[in-house]
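See below for the structure under consideration.
The values are calculated or read from the model by the stated rules, or taken from the named source; none is laboratory data. This is a predicted model, so every value here is computed, not measured. All Cβ positions, even for glycine, are placed from backbone atoms using ideal geometry, and neighbour counts span all protein chains on display.
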Amino acid sequence: MLGTQLAELLDGAPPGVGEALDLVAGIDESLVPGLARLGEERAAALGALAGAVAGTPLGDRIREAVEKIVAGSLGDEHLLALAGARTALLGAVHDALLARLDTALGRSRAAWTPPASPVPPAAGTENLRGGVRSWLRELAITGWRGVDHDLVSASAQTLEAVLAEPRLRRLAVLLDGLAAELRTSCPVATLDRLPVRRWADLWTRALLLTEVGGWPGVPAAADRVSGRLLILGVDVHEHGTAVQAQVHAVLEPVGGAPPRLVRTSVAAAKVDTIVGPAMWRLLRGYPVLLRAVAERRGVDVTDLPLLDSGDLVWHEDQARLGDPVDPFATARLLLGAALAPAVPPLDRHPVRIAEPVLLEGYTTTVAEDGATTMLDLGGQAVGVDVTRLPTCGPLTPELVAASSACLGLVRWDGGSWTVQPFALRYATKRATAEAHTGDWALGLTDPKLVKAEAKGGDAVAVLRERAGRLLRR
């Protein structure tokens, strides 16, 4: 990314973004005291929402939903309409921001094509999905400030049943995460600050997933692709009960077709005591992918399903390790020409924007609090939120400050653009060195850290041994 590109990106938010986010904030704030306790200000915010979408296909449904909610006679269909309007507003913000980013980068993006026949919700799961909607309705009526242990515990039986249904796995994992966050925050009434936007996001998505289904699997008509996968870097998503490694790459299809930006992800369940480099051990069932990440090698893939979202469905037996590849050279030569994937409707949310970019030749400035580093490129500066650096890799705030080249993801968060590095190039006393998030995917490479880990013990091995002992009893 050049300074001129960065200037175009940082030149204010697109028109209408602020107004749309204000409408979303009105919905979110209504969920704090609960829809059963709407005052004049909250009712006016919902009325403004109805007015804003009056000329859209959602207009009549939202107007009716707002009238019923204000009158205190809301049903599931009214909450679904509210969730749909909120998602549509955030989707419009997402599209405006992503268009600005694509223009700045000169990046081409595939158009979204709706499926010819939408996948219906999983048959035979109506009662389970209805149970989830019932609990989500209680949350909305009670409001976040009214959440206590009894209300969270009321989800336990439904959650257990949903987790046991593989076809609702996406809904189940989301619901489990929301319930866990609420449980650790109880009683919510005593908290000084609430993650209002985050909880509203989770509530909205869970409610919509009860209508569109949990996880439809790989569509029969999904494209099958073969070619060379050139890995740019890995973004690690960590939660108390799960870890996911999302690999960003450029795919060179066989036959000479243009390169494509793709992602592929692998995940595993975990407990909150497994953190840092130990998390990679949970993903040892994917040795080809982990070796490619750790050793910076290409991968030859054969007939992997490619979803419309640009996600490759990973199969170890359809991947073969290739030669070493320089991620920085890949980005420099192919990133500009690679076709970016379309974004599915439910994924259109500003916080989900995560586009690979290469930044070179900048200078760095570290904020006084040490939480932010600015990368100055030709008089234009973008921030790096170093608090997002994963603990399972070698990247540190000090390396960011010392770096001269960065390969990472451009994100939009809190009203501004930031960069999340997953690879850094920096000068040492004798030469130029690199650090990548996935360098420890096969184990620690720093002797001092290896010694410290050996002294502390292998948490994964200990837990597995204890679990095996319990199962043998």
Exercise for review: With the condition kept exactly as written, say whether any residue in region 50-63 is outside the structural domain of ASP148 (by TED's automatic domain parsing), among the hydroxyl-bearing types (Ser, Thr, Tyr) and in a helix (DSSP H, G or I).
Suggested key: no
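Go through VAL93, VAL70 for me and flag whichever is at pLDDT below 95 and of a type outside the set (Asp, Glu). Working first, answer last.
Working: VAL93 fails: at pLDDT below 95.
So the residue among VAL93, VAL70 that is at pLDDT below 95 and of a type outside the set (Asp, Glu) is VAL70.
Could you tell me whether ARG63 is of a type outside the set (S, T, N, Q), at pLDDT 90 or above, surrounded by 18 or more Cβ atoms within 10 Å (Cβ to Cβ) and within 21 Å of ALA200 (Cα to Cα)? Let's see the steps before the verdict.
On the way: of a type outside the set (S, T, N, Q): yes; at pLDDT 90 or above: yes; surrounded by 18 or more Cβ atoms within 10 Å (Cβ to Cβ): no; within 21 Å of ALA200 (Cα to Cα): yes.
No.
What residue, among those in region 361-373 that are surrounded by fewer than 16 Cβ atoms within 10 Å (Cβ to Cβ) and either acidic (Asp, Glu) or within 19 Å of LEU389 (Cβ to Cβ) (or both), is nearest to the chain's Cα centre (by Cα)?
We begin by selecting, within region 361-373, every residue surrounded by fewer than 16 Cβ atoms within 10 Å (Cβ to Cβ); these are 361, 363, 365, 367-371.
From what's left, either acidic (Asp, Glu) or within 19 Å of LEU389 (Cβ to Cβ) (or both): 365, 367-371.
Details: THR365: 28, ALA367: 26, GLU368: 29, ASP369: 26, GLY370: 25, ALA371: 21 Å.
Ranking the candidates gives ALA371 first.
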Point to revise | Cβ pairs under 8 Å, 6+ apart, first in region 264-293 and surrounded by 20 or more Cβ atoms within 10 Å (Cβ to Cβ), second modelled with pLDDT of 95 or more and among the polar types (S, T, N, Q) | key: THR264/GLN246; LEU289/THR264
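What residue, of ALA206, ALA200, ALA189, is over 17 Å from the mean Cα position of the chain (by Cα) and modelled with pLDDT of 90 or more?
Values: ALA206 fails: over 17 Å from the mean Cα position of the chain (by Cα); ALA200 fails: over 17 Å from the mean Cα position of the chain (by Cα).
Testing whether each residue is over 17 Å from the mean Cα position of the chain (by Cα) and modelled with pLDDT of 90 or more leaves just ALA189.
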Study note, to complete from the structure: If we take region 253-367, then strands (runs of 3 or more DSSP E) inside it with 1 or more residues that are of a type in the set (Gly, Ala, Ser) are 260-269, 297-306, 319-324
Revision key, fill the gap. Residue pairs qualifying under the 7 Å Cβ cut-off, at least six apart or on distinct chains, with the first in region 210-228 being farther than 23 Å from GLU165 by Cα and the second being in a loop (DSSP other than H, G, I, E, B) and modelled with pLDDT of 75 or more, are ALA222/LEU307
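Just a yes or no: is a residue in region 128-143 outside any helix (DSSP H, G or I), of a type in the set (Gly, Ala, Ser), more than 14 Å from VAL188 (Cα to Cα) and not assigned by TED's automatic domain parsing to the domain that holds LEU74? Before the answer, list the steps.
First, pick out the residues of region 128-143 that are outside any helix (DSSP H, G or I): 143.
Narrowing the set further to residues that are of a type in the set (Gly, Ala, Ser) leaves 143.
Filter once more, so that each one left must be more than 14 Å from VAL188 (Cα to Cα): none.
Checking region 128-143: not a single residue is outside any helix (DSSP H, G or I), of a type in the set (Gly, Ala, Ser), more than 14 Å from VAL188 (Cα to Cα) and not assigned by TED's automatic domain parsing to the domain that holds LEU74.
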Study note, to complete from the structure: Of the residues in region 254-279 that are at pLDDT 95 or above and of a type outside the set (Val, Ile, Thr), the one that is nearest to ALA242 (Cα to Cα) is SER265
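Could you pull out the residue among LEU89, LEU97 that is touching a strand residue (DSSP E or B) at 6+ places or on another chain (Cβ under 9 Å), surrounded by 18 or more Cβ atoms within 10 Å (Cβ to Cβ) and in contact (Cβ under 8 Å) with a residue 40 or more places away in the chain? Before you say what the answer is, go through the steps one by one.
Details: LEU89 fails: touching a strand residue (DSSP E or B) at 6+ places or on another chain (Cβ under 9 Å).
Testing whether each residue is touching a strand residue (DSSP E or B) at 6+ places or on another chain (Cβ under 9 Å), surrounded by 18 or more Cβ atoms within 10 Å (Cβ to Cβ) and in contact (Cβ under 8 Å) with a residue 40 or more places away in the chain leaves just LEU97.
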